[in-house]
Amino acid sequence: MKPSNFAISPYISEDDIKTKVKELAAIIDAKVKNFKEPALALCVLKGSFIFFADLIREVQTDLKCDFLGCSSYGNSERSSGEVKLTLDLASSVAGQNIILIEDIVDTGLTMDFLVEALKARRPESITTVTLLDKPSARKNDFKVDYSGFTIPDDFVVGYGLDYAEQFRQLPFIGKLTNNSIN
């Protein structure tokens, strides 16, 4: 579908996102400040890259950073239910305190998959952080440690979130509707 087939209704403003990112950074600071070594912040690509960058710039405590690639949507508005690891970590996480940073948790399948895969690598701890949480869309009982906004089961784009690799550049989060089927 071309972008012209879609309408985007504002959902969460750029200013509200900035405020929430600062709040989450303060929570992370409080959690990691007493660790012996810097925590390892893991960005779940692709959708989290903007949130991740903004969040770690607000964290005052030193962090190490690495990236994981994961996909369960492809070019669809619904999760396929199959989680694919598209990029693995560059280094070992054994003995490290991990802050796993995701853009959105809806079905819970991706985060559950990643947490279980990371646990097998024997980290000291894993803390999950997401900007958007959709508990009404869960297909399991996964609970996020820290979330910015709880939203209903709507399809949203912007601020790194996409539909078929489109709309990531928007500075706000918007609800996506397909004009060709409405």
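The values are calculated or read from the model by the stated rules, or taken from the named source; none is laboratory data. All values reported here derive from a predicted model rather than from experimental measurement. Surface areas here come from the heavy atoms of the whole protein model, side chains and all, with no ligands, DNA or RNA. Shrake-Rupley method; radii C 1.70, N 1.55, O 1.52, S 1.80 Å.
Using modelled backbone amide H atoms (1.01 Å from N, in-plane), which distant-in-sequence or interchain residues come within less than 5 Å of Ser147's amide H?
Excluding prolines and chain starts, which carry no amide H, the hits are Thr130.
Rolling a 1.4 angstrom probe over the protein heavy atoms, how many square angstrom per residue are accessible across the chain?
51
Near the amide H of Cys65, under 5 Å away, which other amide H atoms are found, from residues 5 or more places off or on another chain, if H is placed in the peptide plane?
Long-range HN contacts for Cys65: Ala41.
If I build a Gaussian network model for the chain, linking alpha-carbon pairs within less than 10 angstrom, which residue out of Gly148, Gly69, Gly158 has the largest mean-square fluctuation?
Among Gly148, Gly69, Gly158, the largest mean-square fluctuation in the Gaussian network model of the chain belongs to Gly69.
Aspartates and glutamates within cross-link reach of Lys46: Cα-Cα under 16 Å, excluding same-chain residues under 8 positions apart?
Asp54, Asp66, Glu77, Asp88, Glu102, Asp103, Asp106, Asp162, Glu165
When the helix-only estimate is applied to the chain (DSSP H runs of n ≥ 4, each -39,500 (n - 2.57), divided by the residue count), what is the mean residue ellipticity at 222 nm, nearest 500 deg cm²/dmol?
Numbers: 3 runs with 40 residues, N = 182.
Computed mean residue ellipticity for the chain: -7000 deg cm²/dmol.
In percent, how large is the relative contact order of the chain, given Cα pairs closer than 8 Å and 6 or more residues apart?
Numbers: 358 pairs, mean separation 47.2, N = 182.
That works out to 26 percent.
Under 10 Å, Cα contacts only: if you run a Gaussian network model on the chain, which one of Thr128, Thr86, Thr110 comes out with the highest mean-square fluctuation?
Thr86
Using only the alpha-carbon atoms, what does the chain span along each of its principal axes? Please give whole angstrom values in decreasing order.
54, 34, 27
Which residue fluctuates most in the GNM of the chain (Cα springs below 10 Å): Leu100, Leu42, Leu118?
Result for the chain, Cα springs under 10 Å: Leu118 fluctuates most.
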